[in-house]
Amino acid sequence: MYFTGHGLPGYIREHLAKAIASNTLQLHYQPQFTVANQAILGVEALLRWPSPTQGWLNPEQVVAVAEAHNLIQPLTEWVLRTAFAEFRMVQQQVQRLAINISASYLQQQNVAAVVQTLLAEFAIAPQQVELEITESVVLHASAQVVQQLRAIRHLGVALSIDDFGTGFCGLRYLLEFPVSGLKIDRAFLHQALANPRSATLYHDILQLARNLNLVIVAEGVESLAQLQFLQLTYCQVAQGYYLAKPMTLKQLQQFVQNSAPSKLLAVAEPALSLLP
Ligand code: G
Ligand code: MN
């Protein structure tokens, strides 16, 4: 889907500052749903860059170039401001907005202060916002970053670990870090449906998170069977192509208008056999 040719970092480096300033960048939104009846609960904002010559640019590479070339501040602040402004357009139907924040932005900036200002400017309640960080942030966090994370939580903004389980984040960190939620990496869900041991692992991650009072979002739901498995394990929130793909703001506005919560899922017989 994305252009990833060799010349790409060079292209991004050359055009990123202008793309930020000229509003060439876009945010797409992927809905998150309650597992029980697939009611839309929130959206995750995802960076998209349609380049006239290169097609859709890979967002991870865009962020990597921004980090390397001193553009992470304008990029992240464009994302925050745009996401907040656009969230206002769907705030009646969507309760929560999740935004990805990179490690270097957390290291450099007073994120809590930036978010606090934007919350006031757009009249959004802190409880409606969630910042997603990766395990690498937690792993390499300086005292200053930990202080930032505490300040964010102190505002009432949620803080979750993205792609949980893929890095080397020791479980000890879950106790020591001021995080409020986990997004379990999609690889765990895919494996869970493939063999009983992986199913048990997924189940136990959920259990652990619940016992620590962490909110779980299951990432990468791509089939009904996976959704049924999540219901069976009492996972509450899910995101993935089976439920909805990332979409433009316009599409999201149509989506929330047309979607009524569906019926509760029937008991998930096929998934039952996976668990002890
Ligand atoms: O790391 P993070 O969870 O923020 O990544 C989100 C990315 O995952 C988005 O770019 C989105 O397009 C992609 N994504 C969302 N849902 C699915 C899914 O069900 N399957 C796969 N393979 N990718 C997904
Ligand atoms: Mn994310």
In terms of modelled amide H atoms, which long-range or inter-chain residues lie less than 5 Å from the amide H of Leu41?
Gln32, Phe33, Thr34
Whole-Hz Karplus ³J(HN,Hα) for the range 124-141, in order, using 6.51 cos²θ - 1.76 cosθ + 1.60 and θ = phi - 60°, x for Gly and Pro?
10, 6, x, 5, 8, 10, 9, 9, 9, 10, 8, 4, 5, 4, 5, 5, 10, 5
Only helices counted: for the chain, with every DSSP H run of 4 or more residues adding -39500 (n - 2.57) and the sum spread over all residues, [θ] at 222 nm is -13500 deg cm²/dmol
Connecting every pair of Cα atoms under 10 Å apart in the chain and solving the GNM, the largest mean-square fluctuation among Ile40, Ile161, Ile124 falls on Ile124
Would you kindly derive the ³J(HN,Hα) couplings of the range 206-217 from the backbone phi angles with the Karplus curve 6.51 cos²θ - 1.76 cosθ + 1.60 (θ = phi - 60°), listing them in order in whole Hz, with x for Gly and Pro?
4, 4, 4, 4, 4, 5, 8, 6, 9, 7, 9, 10
Work out from phi, with θ = phi - 60° and the Karplus expression 6.51 cos²θ - 1.76 cosθ + 1.60, the ³J(HN,Hα) of each residue of the range 250-258, listed in order in whole Hz, and give x for Gly and Pro.
4, 5, 5, 4, 5, 4, 6, 6, 8
Do any chymotrypsin sites (Phe, Trp or Tyr not before Pro) in the range 113-199 lie in a DSSP loop with no more than 11 other beta carbon atoms within 10 Å, and if so, which?
Phe168
Long-range amide H partners of Leu182, meaning residues 5 or more apart or on another chain whose placed amide H is closer than 5 Å, are Ile161, Val215, Ile216, Val217
Is the C-alpha gyration tensor of the range 48-131 telling us rounded, prolate or oblate? Criteria: a/c under 1.5 is rounded; beyond that, a/b larger than b/c is prolate, otherwise oblate.
oblate
Hey, rough spin-label estimate for Met89 and Val256, points 7 angstrom out along Cα→Cβ, what's it come to in nanometres?
1.1
Candidates Thr134, Thr82, Thr117: whichever shows maximal mean-square fluctuation once the chain is modelled as a Gaussian network with Cα springs under 10 Å
Thr117
Yeah, the range 84-195 with a ≥ b ≥ c from its alpha-carbon gyration tensor (a/c under 1.5 is rounded, else prolate when a/b outruns b/c, oblate otherwise) is oblate
Classify the range 13-155 as rounded, prolate or oblate, taking a ≥ b ≥ c as the square roots of the eigenvalues of its Cα gyration tensor: rounded when a/c is under 1.5, otherwise prolate if a/b is larger than b/c and oblate if not.
oblate
Taking a cut-off of 16 Å between Cα atoms, list the aspartates and glutamates near Lys183, but don't count ones fewer than 8 places away on the same chain.
Glu44, Glu130, Glu132, Glu135, Asp162, Asp163, Asp204, Glu219, Glu222
Give the longest segment of the chain that steers clear of trypsin sites (Lys or Arg not before Pro) in DSSP loops with at most 13 neighbouring Cβ atoms within 10 Å, not counting the sites themselves.
89-262
Listed residues Pro246, Pro31, Pro196, most fluctuating in the chain (Gaussian network, C-alpha, under 10 Å):
Pro196
Expressed as a whole percentage, what fraction of the accessible surface of the chain belongs to carbon and sulfur atoms when a 1.4 Å probe is rolled over the protein heavy atoms?
54
Å² of accessible area per residue within the chain, as computed with a 1.4 Å probe and no ligands counted
48
Can you list the residues, at least 5 places off or on another chain, whose amide H is less than 5 Å from the amide H of Ser223, using H built in the peptide plane?
Tyr242
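The values are calculated or read from the model by the stated rules, or taken from the named source; none is laboratory data. Values in this document were obtained by computation on a predicted structure and should not be read as measured data. Note: ideal-geometry Cβ built from the backbone for every residue, glycine included; neighbour counts use all protein chains shown. Accessible surface is based on the protein model in full, side chains and every heavy atom, while ligands, DNA and RNA are left aside. Shrake-Rupley method; radii C 1.70, N 1.55, O 1.52, S 1.80 Å.
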